[in-house]
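Each remark here refers to the structure printed beneath this line.
The values are calculated or read from the model by the stated rules, or taken from the named source; none is laboratory data. This structure is a prediction, so every number in the text was calculated from the model and none was measured. Ideal geometry is used to build each Cβ from the backbone, glycine not excepted, and the neighbour counts take in all protein chains shown. Heads up: the accessible areas ignore ligands, DNA and RNA and are worked out on the full protein's heavy atoms, side chains in. Shrake-Rupley method; radii C 1.70, N 1.55, O 1.52, S 1.80 Å.
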Amino acid sequence: MRMILLGPPGAGKGTQAEAAVKRFGAVHISSGDMLRENVKSRTELGLAAEKYMNAGQLVTDGIIFGMMRERLERDDVRPGFILDGFPRNIAQAEELDSLLNEMGLGIDVVVLLEISDDAVVARLGGRRVCSVCGAIYNVVGHSTKKEGVCDLCGGSVIQRGDDVESVIRDRLALYHAKTSQLVEYYERAGLLRRIDASGPTDAILACLDPQRDGV
Ligand code: AMP
């Protein structure tokens, strides 16, 4: 199965993708995670991307195209993939189409996770992540047992630099300005499926089932 997950930051794309990967067997490709790994290991790509990320802006298409092309050409994506965070604008969607064309592949479904801006601000403002293993917590409802310490690995639990409210608002504005054009793009292609992302995880996963609607 080859799927694109769309939706604003905080809609739960990463969480849904991980659950869907376990259920359907496909690799999860998160452009944001790939960029953060590059920033952490101080690669040339990471250094070029960091200033955009901390400001809540999109990294340039040139950086993203190279990174995604290299990733999608690896053998492990052949059985299927779930793209999370890419494409983010029309130019990236067109680049993805031409890359997949070259590979003789296509997208099966594009899932749009819908959620209000206020719900995103509440969710992301409370999000905390383990700086070592990446486990995700929230100060509301899913906090660590010991403050600031990961339950799973004991690493320090931090707030992402781009999860502060002013940056969240900037990221949402950018989503509405750019990424939401993709909804029309994939609707026209007959690939779009909308899901209410404020619901329970199981309901969302059921909607993602590729057997549904014969996808
Ligand atoms: P995310 O984890 O998907 O919210 O991504 C975190 C940050 O990485 C974004 O705010 C952007 O700065 C950058 N980023 C991730 N994916 C892309 C993309 N496809 N195009 C441009 N920038 C991206």
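Listing for the model above:
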{"read-out": "Unique residue being surrounded by 14 or more Cβ atoms within 10 Å (Cβ to Cβ), part of a helix (DSSP H, G or I) and modelled with pLDDT under 90 when the list is Val167, Val120", "value": "Val167"}
{"read-out": "Extreme residue, nearest to Ile195 (Cα to Cα), among residues of segment 1-27 that are within 15 Å of the chain's Cα centre (by Cα) and open to solvent by 40 Å² or more (accessible area, probe 1.4 Å)", "value": "Thr15"}
{"read-out": "Segment 77-92, residues that are surrounded by 16 or more Cβ atoms within 10 Å (Cβ to Cβ) and near the ligand (Cβ under 10 Å from one of its atoms)", "value": "Leu83, Asp84, Gly85, Phe86, Pro87, Arg88, Asn89, Gln92"}
{"read-out": "Subset of segment 51-64 (residues that are without any contact (Cβ under 8 Å) to a residue 60 or more places away in the chain and either within 20 Å of His28 (Cβ to Cβ) or within 9 Å of the ligand (Cβ to nearest atom) (or both))", "value": "Tyr52, Val59, Thr60, Asp61, Ile63, Ile64"}
{"read-out": "Residues that are under 19 Å from Gly66 (Cα atoms), within 12 Å of the ligand (Cβ to nearest atom), part of a helix (DSSP H, G or I) and of a type outside the set (A, V, I, L, M, F, W, C), drawn from segment 1-49", "value": "Ser31, Gly32, Asp33, Arg36, Glu37, Asn38, Gly46"}
{"read-out": "Members of segment 50-61 that are open to solvent by less than 60 Å² (accessible area, probe 1.4 Å), in a helix (DSSP H, G or I) and of a type outside the set (A, V, I, L, M, F, W, C)", "value": "Glu50, Tyr52, Asp61"}
{"read-out": "Matching residues, segment 100-117, being in contact with a helix residue (DSSP H, G or I) (Cβ under 6 Å, 6 or more places away or on another chain) and in a helix (DSSP H, G or I)", "value": "Asp117"}
{"read-out": "Residue in segment 193-206 that is modelled with the highest pLDDT, counting only those that are in contact with a strand residue (DSSP E or B) (Cβ under 8 Å, 6 or more places away or on another chain) and either open to solvent by less than 40 Å² (accessible area, probe 1.4 Å) or farther than 25 Å from Val120 by Cα (or both)", "value": "Arg193"}
{"read-out": "Yes/no for Gly155 being of a type in the set (Gly, Ala, Ser) and exposed (fewer than 15 other Cβ atoms within 10 Å of the Cβ)", "value": "no"}
{"read-out": "Matching residues in segment 132-142 - criterion: being surrounded by 15 or more Cβ atoms within 10 Å (Cβ to Cβ) and either part of a loop (DSSP other than H, G, I, E, B) or over 19 Å from the mean Cα position of the chain (by Cα) (or both)", "value": "Gly134, Ala135"}
